[in-house]
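The values are calculated or read from the model by the stated rules, or taken from the named source; none is laboratory data. If you're wondering where the values come from, they're calculated on a predicted model, not measured in any experiment. Ideal geometry is used to build each Cβ from the backbone, glycine not excepted, and the neighbour counts take in all protein chains shown. When the accessible area is computed, the model is the full protein with side chains, heavy atoms only, and any ligands, DNA or RNA have been set aside. Shrake-Rupley method; radii C 1.70, N 1.55, O 1.52, S 1.80 Å.
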Amino acid sequence: MAELTTFPFLPTFRDPAGSVELRPDGAYRSIRSPFDAEILEFLRLPFASELVAEGRLVASEVVSQSADTLVLRHPRVSFQSYPWEWAPSLWLSAAELTLNLCSDLIQRGWILKDATPLNVLFRGTQPVFVDVLSIQRMGPHQPIWLAYGQFVRTFLLPMLAHSKLGWPLQVALTRRDGYEPEEVYAALSWPARLRQPALSAVTLPSLLANNKALQSSSLAPRSIKDPDVVKQVLTKTLKSLLSHMRRVTPSHRSSTWSDYAETATHYSDEDRTRKRSFVTAALARSKPTRLLDVGCNTGVYSRLAADAGAEVVSIDTDLQAVDRLSASLKGSGKNILPLCIDLAHPTPAAGWENRENASFLIRCAGHFDTVMMLAVLHHLLLRSQIPMNQIARLCSSLTTSHLILEWVPTTDPKFHELVRGRESIYGHLTEATFRDAFAQHFTTIDELTLANGRIMLHLQKK
């Protein structure tokens, strides 16, 4: 496999008022007249500067302005992630930011016209609203939030379907506009249909959709003369949505891997200490700026990397482990972004011409100077059946410099669990094969053999 290379991705073009193009030095937003005047008015407000200083809104710099077009430059969020890679706690954080931001805007006479998870990116686990063009002047007599339906379809219903029906959040990859209430209604039991928030978000809209007379009356325009009453009504709507979102977001559950760090018995206390010391020393030598932790589990070693000064992206296939890590990082200040990604089946490119949303591997291209893969290699070899040389080549493509790796020998009990009596098929997966494959791309800086037979290696890319 060749080195990962970037691909020319299309600008974001779905908003009729403008578009966004990603460049190496920032995200360039073109805004068409007459929409430019309103957004400039907002950006000049002290409140806009406060939002940027708090990290809730992306910064904006005027690059050029003509009679037809305003061009803004936004600093790029270091690593772009998508809702289909988030654990429930990140979904909730994005929803909270969207609703609380909208509520604060309303108090100042502004409002959000859009409410989709795609308007939010993350710096670590800190959400930042990046679609400044979604902010507009509020109608002083309009008590209906026009983005209500979009929030329900793209935030609330996916989480409701995930928590109550087990529908995966990753489906957002192909469901950009979320779910319609009727889709979820058909899958829910009658008792579930009558409980909130399904009653107001699923059941009543579904019944209304089949009654044209009620539908017409509900769509009749409404107006309230008193602007303060309008703000109260809108604020109450947002509070209700926030309560519903928190209610349907599942609490952290245990899984096969979510308690691994506490329950693993194949490391003695001494081995665990020596492994930690080896990784700490490797991080001190490599001085990572941006690190990818593959198979992060609940983030024990991701935290070590963050403490060493790295900006960390942590990935794992276990949603519960990633969710637990996400929740534990809230308010910690650690620059760790946990994502649910399977390196054997990484997120593909998506959107129009497959060029709107970059694949995970393209986003990784040239980004990480260090990669950690601790106790992961045997999973890729045995469970995903990826050849050793292919894994070594991918590792070389993912890092620009360092690789911190753990080899699990064929005698290890965890290796035997995955082999499942197929020893004859995997007899070629020896330590010598492993060393030969990785020696094609890396040189060894340091290594340590633990008492349980596992080998820790710090490798340098050739």
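Structure data summary
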quantity	calculated
The range 422-443, residues that are open to solvent by 90 Å² or more (accessible area, probe 1.4 Å), over 34 Å from the mean Cα position of the chain (by Cα) and at pLDDT 75 or above	425, 428, 436
Residues that are over 17 Å from residue 278 (Cβ atoms) and of a type in the set (Gly, Ala, Ser), drawn from the range 403-462	421, 424, 427, 432, 437, 439
Qualifying residue in the range 105-112 (condition: closer than 14 Å to residue 234 by Cα, part of a strand (DSSP E or B), among the β-branched types (Val, Ile, Thr) and open to solvent by 10 Å² or more (accessible area, probe 1.4 Å))	yes
Residues of the range 24-75 satisfying the condition of being part of a strand (DSSP E or B), under 30 Å from residue 333 (Cβ atoms) and among the aliphatic types (A, V, I, L, M)	27, 57, 72
In the range 146-175, the residues that are in contact with a strand residue (DSSP E or B) (Cβ under 7 Å, 6 or more places away or on another chain) and either part of a loop (DSSP other than H, G, I, E, B) or open to solvent by less than 10 Å² (accessible area, probe 1.4 Å) (or both)	147
Qualifying residue in the range 361-379 (condition: free of Cβ contacts under 8 Å to residues at least 40 places away in the same chain and within 22 Å of residue 292 (Cβ to Cβ))	no
Qualifying residue in the range 240-253 (condition: among the charged types (D, E, K, R), exposed (fewer than 13 other Cβ atoms within 10 Å of the Cβ), at pLDDT below 95 and out of contact with any helix residue (DSSP H, G or I) (no Cβ under 6 Å at 6 or more places or on another chain))	no
Selection within the range 45-91 - farther than 17 Å from residue 18 by Cβ, touching a residue at least 40 places away in the same chain (Cβ under 8 Å) and open to solvent by 50 Å² or more (accessible area, probe 1.4 Å)	45, 75, 76, 80
Subset of the range 315-339 [open to solvent by 30 Å² or more (accessible area, probe 1.4 Å) and closer than 16 Å to residue 292 by Cβ]	317, 334, 335
Scope the range 444-459; condition free of Cβ contacts under 8 Å to residues at least 60 places away in the same chain and open to solvent by less than 50 Å² (accessible area, probe 1.4 Å); matching residues	453, 455, 457, 459
